[in-house]
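Structure record follows, encoded as structure tokens.
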Amino acid sequence: MRLLKEIRAGQRQLVEIADAPEVAFAIEQPTLEQFLSSLRTAWQEGEVRPTARRKARATKKKRNTPDPFALAADQLRAWFEAEPWRTSGELFARLQMEHPGTYAMGQIRTLQRRLKEWRREMAQLMVFGRSSADEALGEESAMEVQ
């Protein structure tokens, strides 16, 4: 009841504000030339409306269950690199044949996500080539081998 009373009091205040005579605000309107010249730098100021705020980035969820494909990850990656056109269903069926009773059908979605990630990496490699960070890592690992 108290909340309803507060809401109605707020509504009354809004009605009083709306019914009050308008007060002339002395807002200086820019001329057309001033407005057009300000457009060159308006993008630097950003959007002023609160609806234009950037949404907060969602944080990545951390895995709270062990990786179901940890034991077969290298084997799956090798199959994928040898035959990248294979679907996740085909790779999952092959994995189930190699390891009977280990992987349930409910885990196929996890494999689909992993293949999507691998395909994204492969496409990026095909389009952009090796990045300087990848090359630096490659040189470091080559030095460790020696």
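Derivation of every value follows stated rules applied to the coordinates shown; laboratory data play no part. Everything numeric here is computed off the predicted structure, so don't read it as measured data. FYI the Cβ positions are ideal-geometry reconstructions off the backbone, even for glycines, and counts take in every protein chain you see.
Computed from the C-beta positions of K5 and Q44 and an R0 of 41 Å, the FRET efficiency is 0.30 to the nearest 0.05.
Exposure proxy check: L111, L71 ranked by fewest other beta carbons within 10 Å?
Ranking L111, L71 by Cβ neighbours within 10 Å, fewest first, gives L71, L111.
Net length available on complete extension from E117 to N64 is 17.2 nm, with 0.36 nm assigned per residue and the Cα-Cα distance removed. Once both labels are positioned 7 Å from their Cα atoms along Cα-to-Cβ, the gap between W85 and E98 label points is 2.1 nm.
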